[in-house]
1. I'd like the accessible area for ASP101: 1.4 Å probe, protein heavy atoms, all chains in place, Å² to the nearest 10.
2. Return one whole number: the accessible area per residue of the stretch 63-170 in Å², for a 1.4 Å probe.
3. Over the stretch 103-166, with every protein chain in place, what whole percent of the accessible area is carbon and sulfur at 1.4 Å, could you tell me?
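The values are calculated or read from the model by the stated rules, or taken from the named source; none is laboratory data. Note that the structure is predicted; figures quoted are calculated from it, not measured. Remember, those area values only see protein heavy atoms, side chains included, never the ligands or the DNA or RNA. Shrake-Rupley method; radii C 1.70, N 1.55, O 1.52, S 1.80 Å.
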Amino acid sequence: MTKRNSGFYRNPEMLVGISAVFIGLAALGVSLFEAHLMRQEQRAAVLPILELSQSFDIDESSTEQATWRFSLQAHNVGIGPAIIRDFVVLADGKRQATWNDAMQVITASTAGLPYRQSWINGRTIPPGGQVVMFDYVGPVNLSKIATQSKRLQFEACYCSVFNECWRVEFGTAGTTRATDNCASTRDAVVFNE
């Protein structure tokens, strides 16, 4: 009588079954990795990059008011929409409720300034889009605003459509800091003007 070896590695059906399990696990791993890469690709395809900037044009030889201009803008230079969740403006380190308040601090004037504004809180800026948040045209106080604008600080917190959020400050040329959410890190006043 021949002694029969009952080791699983000698049984062809068992080897096929174990091989099928390993192949299935490998396929599952590859699928999960591909899904992870696809999610990262989708996020990258709608990545917003917000830049905050200022511009001014002072032509003291011109009497035409349209050539005297100071403006503050938010540009979305990314490839996805930027959803603005929080916006903060400070003058001399103190939070301001309106653009008018901020300009009165830096010009040391209590008189209201004629300016145009656009809301930024709650807005969605499309890729390549721009919002001119503050626009002052005319020679009165413009030189003072331009020279004292370094006393202004402003920061935006914005999110992508995947609710990934970043903070950016004026003067950082689009350098952002990732954040878990856009809850205001400053005083409770909401900047709306």
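1. Accessible area, nearest 10 Å²: 60 Å².
2. Values: 4640 Å² over 108 residues.
Accessible area per residue, the stretch 63-170: 43 Å².
3. On the way: 1590 of 2950 Å².
In the stretch 103-166, the share of accessible area belonging to carbon and sulfur is 54 percent.
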